[in-house]
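First up is the structure itself, then whatever we jot down about it.
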Amino acid sequence: MITQYKEYPLNDANIHTQKEQIPPIGIINAYPLTQKGIDTVLDSRQAIRNILDGKNTRSMLIVHGPCSARDLKGFEEYVGNTLELHGRLGPDSPVISVVRAYGQKPRTISRKGVDWEGLVADPLGKGEADYNLGYGMARKLMVSAVNRGMPIATEFLDSVTPQYLADTVSWNALGARSIETQLLRHVASGLSMPVGYKNATSGDIALAIDAFVTSQNEHTFNSISYFGNPIFIETKGNPHGHIVLRGGKLNENNYTNFDSENVSRAQAMLKTRGLPPYVMIDCSHENANKNHKRQPPVFLDALKQRVDGNPGIIGIMVESYMLEGKQPLNNPLDGFENMNLVDGKSVTDPCISFPTMEELIIEADRALRKKSP
């Protein structure tokens, strides 16, 4: 149903349509979690909490997968390969894998028909928002992984999307472009999964720590109910979090912060604020100087720091997919079906290939087992 806004010139001078949105319960019922899916989410969330509570000093969280989820076929293949890999490593592996299923893209500058804003907003790649279709496609993709036993991670950009998707998610990021947003800090305070707070695009770590402190407290924010009614949500505060170091850009110059000196500095700042000194290293973005081929060396450096005696490095993040690199989208966007896209290859940030990711996980498993008593 579409309603024209001609009768509201005082309030809606720059709005031309309003479309009714399917309530969350409609999307949830269309793509439900199985009991295996529910157990996967609960068990993986608890495993991550145990790391952040200091109850499991042996394991390490590795968040990996595509920069943004687009194609179900490629995503399911990536999930299947990850599950097969962990089947070989065995249930006692110290590596906890969580696959990225990012359905929203935080564009700094967004232009209609040019910048793809992710599966939730633009599921067909036409430069036209269709949230009803997008929420359904995003949930279908996420449920496909979780019901097979694969925990997933995402990044929520508003206070409505979690109502559609949060029950499938084991770890959430508050991204570099969102870290100062009051609403998203409040949303993080009510999420049922642990949250990673990324340093700002400038590299400012203090902003990530501020977000962590804020999200530990009780807050209230506006959203919708599972039945689509406007509500306000009162949160308890989310005690399970950590910061994510992803490098930064200052005066047009990229700089990294994954080295031991910067990690120690970040941990000291956390301790000063009364927080546990837990950090995750993001191997992409400025830490890789925007070059996906540099992600493996960053990964191995972070792993070495952990093995050499810094248990506060509790996780590593990598952008990876079935195939290496990225593929361009048409400009203007005219639909994925018209772009000759290959399944399993990124359309946003370039990724390392699954075989390369597999080697890194195997090395992490080997090194952490060797380190363990």
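Filter the stretch 122-170 for residues that are among the hydrophobic types (A, V, I, L, M, F, W, C), in contact with a helix residue (DSSP H, G or I) (Cβ under 7 Å, 6 or more places away or on another chain) and within 22 Å of Ser97 (Cα to Cα) and give the result. Across the stretch 122-170, the qualifying residues are Ala138, Leu141, Met142, Val143, Ala145, Val146, Met150, Ile152, Phe156, Leu165.
Among the residues of the stretch 155-200, those identified as aliphatic (A, V, I, L, M), touching a Lys or Arg at 6+ places or on another chain (Cβ under 9 Å) and free of Cβ contacts under 8 Å to residues at least 60 places away in the same chain are Leu157, Leu174, Ile179, Ala200.
Just to verify a result, which residue in the stretch 203-228, among those that are without any contact (Cβ under 8 Å) to a residue 60 or more places away in the chain and assigned to a loop (DSSP other than H, G, I, E, B), is surrounded by the fewest Cβ atoms within 10 Å (Cβ to Cβ)? Can you show your working first?
We begin by selecting, within the stretch 203-228, every residue without any contact (Cβ under 8 Å) to a residue 60 or more places away in the chain; these are 204, 207-208, 210-211, 214-220.
Next, from what is left, pick out any that are assigned to a loop (DSSP other than H, G, I, E, B): 204, 216-219.
Values: Asp204: 16, Gln216: 17, Asn217: 13, Glu218: 11, His219: 20.
The extreme case among them is Glu218.
Residue-level check: of (1) buried (at least 20 other Cβ atoms within 10 Å of the Cβ); (2) in a loop (DSSP other than H, G, I, E, B); (3) touching a helix residue (DSSP H, G or I) at 6+ places or on another chain (Cβ under 7 Å); (4) not polar (S, T, N, Q), Glu319 misses just (2).
Selection of the stretch 76-127 for residues being among the charged types (D, E, K, R) and within 19 Å of Ser284 (Cα to Cα) yields Arg100, Lys105, Arg107.
Pairing residues of the stretch 35-47 that are assigned to a helix (DSSP H, G or I) with residues that are of a type in the set (Asp, Glu) and loosely packed, with under 15 Cβ neighbours inside 10 Å, at Cβ distances under 6 Å and at least 6 apart in sequence or on separate chains, gives no pairs at all.
Condition check ((1) modelled with pLDDT under 95; (2) charged (D, E, K, R)) across all residues:
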| site | (1), (2) |
| --- | --- |
| Gly125 | no, no |
| Ala129 | yes, no |
| Gly134 | no, no |
| Lys140 | no, yes |
| Phe156 | no, no |
| Ser159 | no, no |
| Leu165 | no, no |
| Leu183 | no, no |
| Leu191 | no, no |
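The set of residues in the stretch 121-149 being touching a Ser or Thr at 6+ places or on another chain (Cβ under 6 Å) and either closer than 18 Å to Ala173 by Cβ or crowded, with 24+ Cβ neighbours inside 10 Å (or both) consists of Met142, Val146. Residue count for the stretch 274-303, restricted to those that are assigned to a helix (DSSP H, G or I), farther than 19 Å from Gly203 by Cβ and free of Cβ contacts under 8 Å to residues at least 12 places away in the same chain: 1.
May I ask you to verify whether Ala200 is in a loop (DSSP other than H, G, I, E, B) and modelled with pLDDT of 95 or more? Judged against the criteria, Ala200 is a match.
Looking at (1) of a type in the set (Gly, Ala, Ser); (2) in a strand (DSSP E or B); (3) on the phi > 0 side of the Ramachandran plot, which is the one condition that is false for Gly149? The number of the failed condition is (2).
The values are calculated or read from the model by the stated rules, or taken from the named source; none is laboratory data. As the structure is a prediction and not an experimental result, all values here were calculated from the model. Counting neighbours? That spans all protein chains shown, and the Cβs are built from the backbone with ideal geometry, glycine included.
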